[in-house]
Amino acid sequence: MEITKYPIPKNNWSVGRGQYRPEIVVIHISDGNAKSVIEEFTGKTEKSSHYFIKRDGSIIQFVDEKNVAFSNGIVHLPVSKWVLEHKGLNPNLCSISVEHEGKNQDATEIQYQTSADLISGICKRWLIPIGSDTIIPHYSIRQDKKCPRPIDVLKIINLIKEKQNLKKIEELKTVKVSLLKQVLVALQKKLTELLTKIK
């Protein structure tokens, strides 16, 4: 997966997470296109996200995962289970934010696929469970936002699970083929020994 890193001013993110680590992934949709998002994140807005997925599926990384992005804003009437269990804690400290180019448009299929692959890797690196409690829409933190609608967060979660299941199936197939080869080699060896004895 190719990721283009785009450095942004320090005023729009902070170094390190202190005693915290990523525990949730927050899904966002942009108000504009890639150009306007870059302009916003490189300005004096105190806004950023870790990743931005363009309509063509290409990825821009603005903030390193080990650092804090200023992406989720204030907490307002949250419904996220994780946020409710961590009252008083700024979600930015424990989240990785994935922005999608869209502006009121549903994600393209390539965006969905890329998002699933990217988030799967994030979750693997930080040991974040795959599910609706840990991969959440922005509006579950801020009810005054509709972000990332109309993007279907559940679809992203299901895609991750499907890809993981397919990977497990492929791994099982590989193991079975390997075992079958070993059995065939052993049988061939045994058959050779028997034929030698008969001669």
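The values are calculated or read from the model by the stated rules, or taken from the named source; none is laboratory data. Just so we're clear, the structure is a prediction, and the values are computed from it rather than from any experiment. In this analysis, Cβ positions are derived from the backbone assuming ideal geometry, glycine residues included, and neighbour counts consider all displayed protein chains. Ligands, DNA and RNA are stripped out before the accessible areas are found, and what is left, the full protein with its side chains, is counted by its heavy atoms. Shrake-Rupley method; radii C 1.70, N 1.55, O 1.52, S 1.80 Å.
Give the residues of the stretch 98-113 that are outside any helix (DSSP H, G or I) and surrounded by 18 or more Cβ atoms within 10 Å (Cβ to Cβ), sorted by residue number.
98, 99, 100, 101, 102, 107, listed by residue number.
Are there strands (runs of 3 or more DSSP E) fully within the stretch 1-97 with at least 2 residues that are out of contact with any Cys (no Cβ under 6 Å at 6 or more places or on another chain) and surrounded by fewer than 18 Cβ atoms within 10 Å (Cβ to Cβ)? List them.
3-5
What about residue 124, is it open to solvent by 80 Å² or more (accessible area, probe 1.4 Å) and in contact with a Gly (Cβ under 8 Å, 6 or more places away or on another chain)?
no
Can we say residue 91 is within 27 Å of residue 1 (Cβ to Cβ) and modelled with pLDDT of 95 or more?
When the stated conditions are applied, residue 91 passes them.
Just to be sure I understand, how many residues within the stretch 133-145 are open to solvent by 40 Å² or more (accessible area, probe 1.4 Å) and either touching a helix residue (DSSP H, G or I) at 6+ places or on another chain (Cβ under 6 Å) or part of a helix (DSSP H, G or I) (or both)?
Qualifying residue count for the region: 3.
Examine the stretch 147-163 for a residue that is open to solvent by 80 Å² or more (accessible area, probe 1.4 Å), at pLDDT 95 or above, farther than 15 Å from residue 26 by Cβ and among the aliphatic types (A, V, I, L, M), and state whether such a residue exists.
No.
Answer yes or no: is there a residue in the stretch 120-128 that is in contact with a strand residue (DSSP E or B) (Cβ under 8 Å, 6 or more places away or on another chain), among the aliphatic types (A, V, I, L, M) and over 20 Å from residue 53 (Cα atoms).
So far as the stretch 120-128 goes, yes, one or more of its residues are in contact with a strand residue (DSSP E or B) (Cβ under 8 Å, 6 or more places away or on another chain), among the aliphatic types (A, V, I, L, M) and over 20 Å from residue 53 (Cα atoms).
Answer yes or no as to whether residue 129 is assigned to a loop (DSSP other than H, G, I, E, B) and surrounded by 13 or more Cβ atoms within 10 Å (Cβ to Cβ).
no
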